[in-house]
1. Working from the alpha-carbon coordinates of the chain, get Rg over Rh, Rh being the Kirkwood radius.
2. For the pair V187/T788, report the inter-label distance in nm, with labels modelled 7 Å from Cα in the Cβ direction.
3. At 4 °C and a viscosity of 1.567 mPa s, what translational diffusion coefficient does Stokes-Einstein give for region 743-804, taking Rh as the Kirkwood radius over Cα pairs? Give it in µm²/s as a whole number.
4. Note the angle between two axes, namely the Cα long axis of helix 378-390 and the longest principal axis of the Cα atoms of the chain, as a number of degrees from 0 to 90, rounded to the nearest 10.
5. Could you sort T303, T734 by accessible area so the largest value comes first, with the probe set to 1.4 Å?
6. Positive end of the charge dipole of region 66-205 (Lys, Arg +1 and Asp, Glu -1 on Cβ, about the Cα centre): tell me which of I195, L132, I70 has its Cα farthest that way.
7. Can you tell me how much longer the chain between E72 and A389 gets when fully stretched, taken as 0.36 nm per residue apart minus their C-alpha distance, in nm with one decimal?
8. Starting from the amide H of E114, placed 1.01 Å from N in the peptide plane, find each other amide H under 5 Å away whose residue is 5 or more places distant or on another chain.
Amino acid sequence: MRIVPALLLLACTGAEDPVVVDLTERLESGETRAGRIVDEASLFGGISAEGRVGDFVIYNDRVRFVVQGIREGSYYLGSGGGVIDADIVRPEGHPGRDAVDEWAGMYGLGRVIEPVEIGVPNSGGSGETAVLRVMGTEGELALIEGALESEDLIQHDGLRLVTEYRLAPDSYLLEVVTTLINPTDEVVSLHPGDILMGSLEATETYEPGVGLDGVADGAKKVSALIGLRNQVTVALLPSTGGELTAGALGLLASLADLSAGQGEEVEIEPGGDVSYSRFYGVGPDLATLTDAWMALEGESTETVSGQVTAPDGPVAGARVHVLVDDEPFTVAVTDANGDFSAEAPTAGTVTTLVDGRGRSMFFDLPDGAPSQSPYVASVPGERALAALADGAGGPAFAQGRGTSTSLVLGEPGTLHVEALDGGPFEVRVRSTASLPADDRRLLRSRPEGGSVGWGISEVDLDLEPGEYSVLVHRGIRHELHQQTVTVTAGAVVDVDADLGQAIDHAGYLLGDPHIHASPSSDAAVPMEERILGSAGVGLQLHFGTDHDHIADYRPIIDAVGLTGKLQSVVATEFSPPTRGHMNLYPLTPRPWSANGGAVPWWYDFMVPTTEMVQRVRDNDGPFILQLNHPLDSGMFQFAEWTPGVIADGERYTDDFDAIEVMNAGEYDEYLPLFFDLVNRGLRVTPNGVSDSHGHLNSMFGLSATYIGFGSKDVATYSDDGLRQAMGDRNTIVTRGPFLALSETPGSTVSSGTTLQVSALSPSWIGVDRLVLYKDGAAAETVLGTTATFDLTSSADASYVVIAEGDAPMSPLSSRTPWAMSSPIFVDADGGGWTAPLPALTVENRAR
């Protein structure tokens, strides 16, 4: 293609409407189809599904891809023209398993296509290659500039771009060809490439040579994401005869846990153009894609195949790792008969390792229950919720069978765990024997060295035979259950756990106002698993504080049967990296807006923090604004707080309602800041959070906040009640104990008030002392779990009660117990409370 016809392509913006074809029809072998989506039945679900009417689909009888139309999209690449959903074509009744957030070309670091027209040159047919064409100009991944607050970081060369997506019949590989057109008078040099951002909650990266253990150095033939439960595999592959390198995109890949690859540097002469080709692959396993690519390449291969069996018969859903000269090459998954097949290069010694161990994570969900997306269209979304409630067909996934260098695995036993009161719980299981070290290239780590399950009322865990210690718990409000069991092959061992409620937290609900799941790009928990986990660790309020997304978890609670046991607060974490992270709640979701209506801070970011926060206030209405980890990538770090002083006023605002005093169980750094703020008249609400991004980290369920609703019944929750409680500062920060106080935390009382305090906790959490703080300094200590304090002061003052324990909260945590009340304010003269210290000095730094 020369410059004149290329520019003519860009000028042809919809002279004719594309042929209308039925995009809901299932195709036969040899057929393809492409077109603009007019019916939601053309779409499919999955953890990252976000396609909608007006986007484009291209598919055959094996695979299907959705290309975003010209609209603002969700996640961090808003412009259209890239692949946003991808899946294999599944049997009728099987819900979709899309795991692609963004899949797009990148032409130099941060440069993407900004589409001006998307067309359908060939809508496909029998024996035809279907084609979608995207025409546009240079755009940018605005997230990069916004994160670094550098408006001119991504430079444009004035290029025009044309990308064609070409899908042949019976192929798992979508050929992607981008023509870069240079209408300028200068030579342009760049490295064309692609980024593949997938769901970390459903997939893991895999590259030949390193397998699951990071990103390969040097040239490579594939960069893939493989399903954690065999849901789907997606991969970026070079054109025939080509190779991929990490290059500048490798740094981006390592920082963001994404797959990336770029081709050789190209030079585009003035008035000329260059084409860059590669393949986007989707398959049931990686071997399907590497087989297809090597066939196109014409590479000499040998077939590696067989049947994986166990004493109880053929094993479906086992991973077969194929190694060449002891280096990971590809992964096959066994079918319903235990059979697998993969091609491997003839040059080299081929060996296999079979993984039937699985993830060692178990959930009380029906077979085939799919992961949920916050932005899925209505039709596939309703299918997904129904399947979450009732089950559906889905991929097989072997668990509890161990690993083998032969093709014979073990037979698991089953641990059946049930709570006697029929409530939710978490169960942690560890082998009493020493376990060998895992080859990180091939095997995922066991959660905390064992297995874990979450039950709505019961759960089954498939385990390798052996002796195990079992811990069943429901968090800090309940007693726990421990026992040792022996699991034998083919047998069921029952554990009935008595998790009696240990404390009366009258008037309060236990919540965690900072939790992440799949909408957050750095989380590792699907939405439905986060809901089960929240209930399992005893939370009553889940807060959906995902980075820069407003996602609604409430339909999931109903679908999995946790109504009346857990409520979810619609929220977001507004996350500008150099201003500090801030949680906003409760919110109203807008599912048809990009990212659920969350404000994209990466656009128009060169404003003071005060103005940035006001935009969010204007966008989302009345909500509580909570400052997160305030001195650890938080606002007070960037505003350069020292006691009494803000050195960088451009990065500061006093327009916040709450602040984290404890994050992931840590409070030492944040408590002096909180006391300084209160002493200077900022009467904000203290909160404790886990900031959990995974299933078993950050003190999830142990670092939290009791919120004063006037009831301990979760059914009494309301958004207005949350605003009221937080506005009244009626909270108790907890790392284990609950504090029952005779005066309401956050209230104002007269001098001479008597404050009675009791620290309540289950038997595995011990409190040794109660400490009364006056204006941020320890004033009185009482040993034991009860105390009576005299709040007499000649001047206005604030009082905080802190409970401390010396022994770890074993067996759940090595941390010691700790809890803190929100301040109680003493108005000494009845004229209104006055802070003991002058207001913060806010300095404005010239920029």
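1. Working: Rg = 28.7 Å, Rh = 28.7 Å.
Answer for the chain: 1.00.
2. Each label point is offset 7 Å from its Cα along the Cβ direction, giving 9.0 nm.
3. Values: Rh = 12.3 Å.
Using the Kirkwood radius from Cα pairs, D works out to 105 µm²/s.
4. Orientation of helix 378-390: about 70 degrees from the principal axis.
5. Values: T303 80, T734 0 Å².
Ranked list, largest accessible area first: T303, T734.
6. Farthest towards the positive end: L132.
7. Working: separation 317, 0.36 × 317 = 114.12 nm, distance 3.17 nm.
Extra length available between E72 and A389 comes to 111.0 nm.
8. Those lying under 5 Å, H to H, from E114 are T137, E138, G139.
The values are calculated or read from the model by the stated rules, or taken from the named source; none is laboratory data. Here the structure is a predicted model, which means the values were calculated and not measured. Backbone-built Cβ (ideal geometry, glycine too); neighbour counts: all protein chains shown. These area figures cover heavy atoms from the full protein model, side chains too; ligands, DNA and RNA do not enter into them. Shrake-Rupley method; radii C 1.70, N 1.55, O 1.52, S 1.80 Å.
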